[in-house]
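Asker: The structure follows.
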Amino acid sequence: MNELELIKRVQNKDVNAFRELVHLYQQKVYTTSLYILGNPEDAQEATQDTFLKVYKYITNFKFNSKFSTWLYTISRNSCLDKVKRNPYVALEEHTLKKLKTEQDKPSEMLDFVSLLPENYKEMIILYFYTGFSYQEIADILNMSLSNVKTSMFRAKKMLREKIEKKQAAV
């Protein structure tokens with residue numbers, strides 16, 4: 001069954017289809033929640049909140065965008081709501097290092113990414129680690145496509161400079 005059929009079944013409140021949808025996206029939602037929140041317990045809670053909202057509001061999904069973009073927007077907002085409710089939940093620098101153990105990504109690159117400003121970090125994670133296109137990132141972050149392109153250019157340039165600086169020191 002393709003994603004479109006699955007979503008339509010979930011919109012008709014098919015519980016088995018919803019379980020399948022959760023199975024398909026749970027790890028991706030958890031990983032991005034962990035990136036934003038910084039600890040596994042908060043990320044797990046935000047992931048659960050996300051899927052509760054998806055189930056409740058799935059009929060609002062109109063197929064105008066990719067489902068993953070809609071889902072990630074809900075996930076990101078759930079995480080930001082959690083940060084607002086509890087100011088001690090921080091967007092922590094060491095979160096990217098935690099992602100290394102979760103996703104087995106090269107730790108050195110994550111160390112460089114962790115040095116970027118928050119807005120650049122989020123874009124880099126969305127692009128390289130979750131696979132969203134520039135247009136999807138623009139939709140998720142409610143930015144223009146040209147702003148995303150400019151910011152990604154700057155973020156990549158900063159990463160390149162940090163890597164070159166480290167290589168020059170070796």
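Asker: May I ask you to compute the full-extension gain from residue 135 to residue 119, defined as 0.36 nm times their residue separation minus their alpha-carbon distance, rounded to one decimal in nm?
Answerer: Working: separation 16, 0.36 × 16 = 5.76 nm, distance 1.60 nm.
My answer for the length gained is 4.2 nm.
Asker: Order 57, 129, 72, most accessible first, counting only protein heavy atoms with a 1.4 angstrom probe. It would help to have the intermediate numbers written out before the result.
Answerer: Values: 57 100, 129 50, 72 10 Å².
In descending accessible area the options line up as 57, 129, 72.
Asker: Another question about this same structure. For the pair residue 166/residue 41, report the inter-label distance in nm, with labels modelled 7 Å from Cα in the Cβ direction.
Answerer: 3.1 nm
Asker: With θ set to phi - 60° and the Karplus curve 6.51 cos²θ - 1.76 cosθ + 1.60, what are the ³J(HN,Hα) couplings of the range 135-140 in order, to the nearest whole Hz, using x for Gly and Pro?
Answerer: In residue order, the calculated couplings are 5, 5, 5, 4, 5, 5 Hz.
Asker: Are any of the pairs 28/121; 62/121; 56/121; 121/156 more than 20 Å apart by Cα-Cα distance, and if so, which? Walk me through the numbers before you get to the answer.
Answerer: Numbers: 28/121 17 Å; 62/121 30 Å; 56/121 30 Å; 121/156 10 Å.
Listed pairs above 20 Å: 62/121; 56/121.
Asker: Another one. Which of 44, 29, 74 sits closest to the plus end of the dipole of the range 1-90, meaning its Cα is farthest towards the positive end, when Lys and Arg get +1 and Asp and Glu get -1 on the C-beta?
Answerer: Going by the charge dipole, the pick is 74.
Asker: Run the simple label-point estimate for residue 59 and residue 3 please: 7 Å along Cα→C-beta, distance reported in nm.
Answerer: Label-label distance for residue 59 and residue 3, simple model: 2.4 nm.
The values are calculated or read from the model by the stated rules, or taken from the named source; none is laboratory data. Here the structure is a predicted model, which is why all the values come from computation and not from measurement. Positions of Cβ are generated from backbone atoms using ideal geometry, with glycine treated the same way; all protein chains shown enter the neighbour counts. In case anyone asks, the SASA skips ligands and DNA or RNA and just uses the protein heavy atoms, side chains included. Shrake-Rupley method; radii C 1.70, N 1.55, O 1.52, S 1.80 Å.
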